[in-house]
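The values are calculated or read from the model by the stated rules, or taken from the named source; none is laboratory data. Being a predicted model, the structure only gives us computed values, none of them experimental. Using ideal geometry, Cβ is built from the backbone for each residue, glycine included, and neighbour counts are taken over all protein chains shown. Calculation scope for accessible area: heavy atoms of the full protein, side chains included, ligands and nucleic acids excluded. Shrake-Rupley method; radii C 1.70, N 1.55, O 1.52, S 1.80 Å.
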Amino acid sequence: MLRGTPALASVFLCFVCVFSQKSHQATNLCIRDMITRVTELIKQAPQLNQLDSTLYTPTLTDYKNCPRAALKCFAAEVKVFIDEWELLYKQKVQKSFRLEKMIDRLAARLPQGESDCLQCESLKEENVENFLTELRLILQHINSQFCT
């Protein structure tokens, strides 16, 4: 059994390890790059509204109640949106811009939430610009929680 200074040092090191682990997890949820990508898409929204698409759009309240389900819905709808964009404009979206994969990975790191989460298809449908604006709002909310 350790006594005195070695015991105190061991306890201190345990606390350092615990706190560094918590701050590392929070850093993993900083998503500034994702917000930048969504903002770039919003700038193109007048052109993108030519898609005449409506997308199921979770709200901030939906996210707060069911974080993983809300982001999974956004990821699925972003994929639909990008597929339609590629069909209309006959151009491939760069693989590095695959926002849906980034959102999907983020969703996997969030808690499941309540068991009575709404299905994506039961959410309100919005045009592309409103969809992207709501997505950006939720991503900014996540950053405000986990980034310093």
Legend entry - Condition check for E40: at pLDDT 85 or above, surrounded by fewer than 16 Cβ atoms within 10 Å (Cβ to Cβ), of a type outside the set (S, T, Y) and more than 12 Å from the chain's Cα centre (by Cα): yes
Among the residues of region 109-120, the number that are part of a loop (DSSP other than H, G, I, E, B) and open to solvent by less than 100 Å² (accessible area, probe 1.4 Å) is 5
**OP:** Inspect region 63-85 for any residue being of a type in the set (V, I, T), open to solvent by 70 Å² or more (accessible area, probe 1.4 Å) and in contact (Cβ under 8 Å) with a residue 12 or more places away in the chain and give the result as yes or no.
**Re:** no
* Regarding A9, is this residue modelled with pLDDT under 85, of a type in the set (G, A, S) and open to solvent by 20 Å² or more (accessible area, probe 1.4 Å)? -> yes
Original post:
Hey, does region 136-147 have a residue that's within 19 Å of Q47 (Cβ to Cβ), open to solvent by less than 90 Å² (accessible area, probe 1.4 Å) and at pLDDT 95 or above?
Top reply: yes
Log entry, pairs with first residue in region 100-114 being within 10 Å of I31 (Cβ to Cβ), second being crowded, with 17+ Cβ neighbours inside 10 Å and of a type in the set (G, A, S), beta carbons closer than 7 Å, six or more apart or on different chains, reads I103/A75
Considering region 43-61, residues that are closer than 21 Å to K101 by Cβ and touching a residue at least 40 places away in the same chain (Cβ under 8 Å), and then whichever is most open to solvent (accessible area, probe 1.4 Å), we arrive at Y56
Expected output for region 121-134 (first residue at pLDDT below 95 and open to solvent by 70 Å² or more (accessible area, probe 1.4 Å), partner of a type in the set (A, V, I, L, M, F, W, C) and not in a helix (DSSP H, G or I), Cβ below 7 Å, 6+ apart or cross-chain) is none
